[in-house]
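**Student:** First, the structure itself, so that you have it in front of you.
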Amino acid sequence: MLDKFLDLYCSLISKVIAVLLALMVVMVFSNVVLRYGFNSGITVSEELSRWMFVWLTFLGAIIAVREHGHLGTDFMVARLPVWGKKLCLFIGYVLMIYMCYLMFQGSLAQTKINWDTEAPATGWSQGLFYGTGIVFAVSAGLMLLADLYKLLTGQVKDEDLIAIKESEEETHVGDNK
């Protein structure tokens with residue numbers, strides 16, 4: 001049930017990312033055309049594009065956490081016995097959850113500090129900008145807790161004990177066998 005909810009949540013995030021990307025392209029392109037063709041521009045487009053890019057990046061990172069899509073190295077972990085792989089995965093999850101906690105604390109503090117500060121072009125609260133860290137930290141933290149629960153309850157297959165891949169090429173090379 002939790003997996004279905006997280007998959008639906010990530011599907012929704014993917015749609016939001018697509019909309020943000022489309023809006024960014026339209027705003028930046030329109031601004032370029034207006035500046036070079038008509039010697040004018042849309043004042044808020046630069047600020048909004050920057051905010052959308054930050055939101056897009058953090059939302060994409062949530063999806064990457066869900067899909068275990070971050071790159072890393074497994075040269076040591078791959079050589080360990082199953083119990084060693086489980087231990088390393090456990091330690092990794094605990095450290096990532098702790099980092100989410102730290103990010104949540106820092107983002108919450110920045111959001112509170114900047115809530116009454118207006119952005120120069122839009123006049124919107126700067127807290128909305130720093131809220132990206134809160135959304136990421138809560139979302140990624142919950143996903144990591146769910147993965148940790150699966151590990152502790154023995155629901156993780158042995159082949160899934162290495163949470164990262166060396167590179168995209170190795171992933172695709174293994175598919176041809």
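The values are calculated or read from the model by the stated rules, or taken from the named source; none is laboratory data. It should be emphasised that the depicted structure is a prediction, and the values quoted were computed from it without experimental measurement. All Cβ positions, glycine included, derive from the backbone under ideal geometry; neighbour counts span all protein chains shown.
**Student:** State whether one or more residues within segment 54-72 are farther than 29 Å from T153 by Cβ, hydroxyl-bearing (S, T, Y) and buried (at least 16 other Cβ atoms within 10 Å of the Cβ).
**Tutor:** Checking segment 54-72: not a single residue is farther than 29 Å from T153 by Cβ, hydroxyl-bearing (S, T, Y) and buried (at least 16 other Cβ atoms within 10 Å of the Cβ).
**Student:** Tell me the residue from C100, C88 that is under 21 Å from D3 (Cα atoms) and either at pLDDT 95 or above or not aliphatic (A, V, I, L, M) (or both), please. Before the answer, list the steps.
**Tutor:** Numbers: C88 fails: under 21 Å from D3 (Cα atoms).
That would be C100, the only listed residue that is under 21 Å from D3 (Cα atoms) and either at pLDDT 95 or above or not aliphatic (A, V, I, L, M) (or both).
**Student:** Which of (1) modelled with pLDDT of 90 or more; (2) aromatic (F, W, Y); (3) surrounded by fewer than 18 Cβ atoms within 10 Å (Cβ to Cβ) does Y93 not meet, given it meets every other one?
**Tutor:** (3)
**Student:** Any idea which of V44, V82, V28 is in contact (Cβ under 8 Å) with a residue 60 or more places away in the chain, of a type outside the set (D, E, K, R) and surrounded by 15 or more Cβ atoms within 10 Å (Cβ to Cβ)? Write out each step before concluding.
**Tutor:** Working: V82 fails: surrounded by 15 or more Cβ atoms within 10 Å (Cβ to Cβ); V28 fails: in contact (Cβ under 8 Å) with a residue 60 or more places away in the chain.
V44 is the lone residue from the list that is in contact (Cβ under 8 Å) with a residue 60 or more places away in the chain, of a type outside the set (D, E, K, R) and surrounded by 15 or more Cβ atoms within 10 Å (Cβ to Cβ).
**Student:** Residues that are among the aromatic types (F, W, Y) and within 25 Å of S125 (Cα to Cα): does segment 17-33 have at least one? Before the answer, list the steps.
**Tutor:** We begin by selecting, within segment 17-33, every residue among the aromatic types (F, W, Y); these are 29.
Keeping just the survivors that are within 25 Å of S125 (Cα to Cα) gives none.
No, that holds for no residue.
**Student:** Within segment 98-118, how many residues are surrounded by fewer than 18 Cβ atoms within 10 Å (Cβ to Cβ) and in contact (Cβ under 8 Å) with a residue 40 or more places away in the chain?
**Tutor:** 1
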